[in-house]
Amino acid sequence: MEHRDYNYYEANAADVNLEEITSSAKNAKILQRLRDGDPTLRYFSLGGGFGSYFNIGEGDDLGWLGFFISRSACLHNLDICYLPDGEQQIHAFSEGIARSQSIRNITINNLNNDRFTSIVRVLRNKSQLEGLSIWSGNNIDPDGWSELGILLESGVCKLQLLYLRGNNYIGNEGMDVLSNGLRGIESSLKALHLSDNSIGNEG
């Protein structure tokens, strides 16, 4: 995939053939709904099986997907359940998330540490984010939890919900790096789920 910046997508958005940048008619239809500002498209799942879900296959251009997500004024809930290999694809998709002004809730599941970290880093400017759910299917090491701690400690995201239940990889070490971050959102936080995380008394 050649490097493309946001200006490229913006200049070609009106003319791009959606069937040529997707792997299925269903995925092309989702891009069309995003592009056209469908007000009913408020929930979107990447790689999941709920709501309007986009199953990534050969031929799907995540740069275009990220661009159309960034342009949507109606999309409030984003589930990220799968990201493929390919740093340029991930970067282009992540840039779209970073530019979105409508997303209020993000769920992350089934990602390895590198993919998880790449998503967390682009959330640092998302002041409108209200809910962040990190499910048990992720494989996150202490470096990943440290990135999340940095995000929370910055105070940019005024989270009301933080769901971390069932992440056995947190443990005492992960809880240690998260503790300062939790203080950064204590004024806005209304619900925190930390059960089933292998956290002992030391954590």
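Summary of values
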| quantity | calculated |
| --- | --- |
| Relative contact order (%) - the chain, alpha-carbon pairs under 8 angstrom, separation at least six | 14 percent |
| Summed residue charge, Cβ within 12 Å of residue 100's Cβ, Lys/Arg positive, Asp/Glu negative | +3 |
| Cα gyration tensor, the range 44-99 - rounded (a/c under 1.5), prolate or oblate | oblate |
| Surface/4 of the Cα convex hull for the chain, nm² | 10.8 nm² |
| Phi-based couplings in Hz for the range 55-63 (Karplus 6.51, -1.76, 1.60; Gly and Pro marked x) | 8, 6, x, 5, x, 7, 9, 6, x |
| Counted charge near residue 143, where neighbours are those whose Cβ lies closer than 15 Å (Asp, Glu -1; Lys, Arg +1) | -3 |
| Net +/- balance of residues flanking residue 60 in space, Cβ distance below 14 Å, scoring K and R +1, D and E -1 | -3 |
| The range 25-76 shape via C-alpha gyration tensor axes, a/c threshold 1.5 | oblate |
| Surface accessible to a 1.4 Å probe, residue 94 within the full protein complex, Å² | 10 Å² |
| Sparse-neighbour loop sites [GluC sites (Glu not before Pro); the range 38-134; at most 14 other C-beta within 10 Å; DSSP] | 58 |
| With DNA, RNA and ligands ignored, accessible area of residue 99 (1.4 Å probe; Å², nearest 10) | 100 Å² |
| Ranked order, 158, 126, 190 - accessible area, probe 1.4 Å, largest first | 190, 158, 126 |
| Potential lengthening between residue 133 and residue 11 on full extension [0.36 nm per residue; Cα-Cα distance subtracted] | 40.5 nm |
| Exposure of residue 85 as accessible area (Å², to 10), given a probe of 1.4 Å and all protein chains | 130 Å² |
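The values are calculated or read from the model by the stated rules, or taken from the named source; none is laboratory data. Being a predicted model, the structure only gives us computed values, none of them experimental. Reconstructed Cβ throughout: ideal geometry from the backbone, glycine too, with neighbour counts over all protein chains shown. Only protein heavy atoms, including side chains, enter the accessible area calculation; ligands, DNA and RNA are left aside. Shrake-Rupley method; radii C 1.70, N 1.55, O 1.52, S 1.80 Å.
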